[in-house]
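To start, the structure itself, in structure tokens.
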Amino acid sequence: MKKQNTIPGNFFITKGSGCDEYEIHAGAMHMAMWDAGIADYNLMTYTSVLPPTSELVKLDDIELPPPGSELKTISAIATGRYSEFISAGLVFAWLYTNDSMEEKYMGLVCEVAGHYRLEDLEQKLRDVVQNLYEKTYKTKGYVLGEPEIFMEGLKITDTYGCAMVCLCFVDFD
């Protein structure tokens, strides 16, 4: 009997930011993960598709895995240096099989990170998901639902800074 691929289930979205005087990854990124509540995990990166059976859940409603375990994510992570403004954002929207929007086909997730003002980042996220939809799934007749946007911004006050937004999967089929 052949095994099928792992299918991500429910997910939560978290965000955080942090600064550090010594290092980007071992410092500022860890502080951003701490702020986001996920510093106890090893982040594993996924690309940008959600199965139709997955659902957004609240972090307060789930039990996180033991410290040191893998946390599979779709992440937007921006890093920078003193006095810069950095930002990271995620947008996700469900694709539906028709205009009634009753049956999900799948979800699209887009990540953007850099030196964007938050209002510019929000527009960029909307533009990116719309562009991706129009160039691909619209041509197949799928309908894009209302996008949900999550952002984090930081004016760096130390040597290094990190801002992140992570969509984190909590269970799998």
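Listed values, structure above:
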quantity: Trypsin sites (Lys or Arg not before Pro) within the range 46-83, DSSP loop, no more than 12 other Cβ atoms inside 10 Å; calculated: 58
quantity: Accessible area of the range 75-173 belonging to carbon and sulfur atoms, whole % at 1.4 Å probe; calculated: 45
quantity: For the range 51-132: relative contact order, % (alpha-carbon pairs under 8 angstrom, 6 or more apart); calculated: 29
quantity: On Cα atoms only, tilt of 118-135 relative to the major axis of the chain in degrees; calculated: 30
quantity: Computed [θ] at 222 nm, deg cm²/dmol, the chain (DSSP H ≥ 4; -39,500 (n - 2.57); rounded to nearest 500); calculated: -4500 deg cm²/dmol
quantity: DSSP-assigned coil residues among chymotrypsin sites (Phe, Trp or Tyr not before Pro) in the range 18-68, each with at most 13 further Cβ atoms within 10 Å; calculated: 22
quantity: Relative contact order (%) - the chain, alpha-carbon pairs under 8 angstrom, separation at least six; calculated: 37
quantity: Accessible area expressed per residue, the range 17-173, with surrounding protein chains retained (probe 1.4 Å, Å²); calculated: 54
quantity: Over the range 9-60, relative contact order from alpha-carbon pairs under 8 Å, at least 6 apart, %; calculated: 47
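The values are calculated or read from the model by the stated rules, or taken from the named source; none is laboratory data. What you see is a predicted model; the values in this text were computed from it and never measured. For neighbour counting, all protein chains shown are included, and Cβ atoms are generated from backbone atoms with ideal geometry for every residue, glycine included. These area figures cover heavy atoms from the full protein model, side chains too; ligands, DNA and RNA do not enter into them. Shrake-Rupley method; radii C 1.70, N 1.55, O 1.52, S 1.80 Å.
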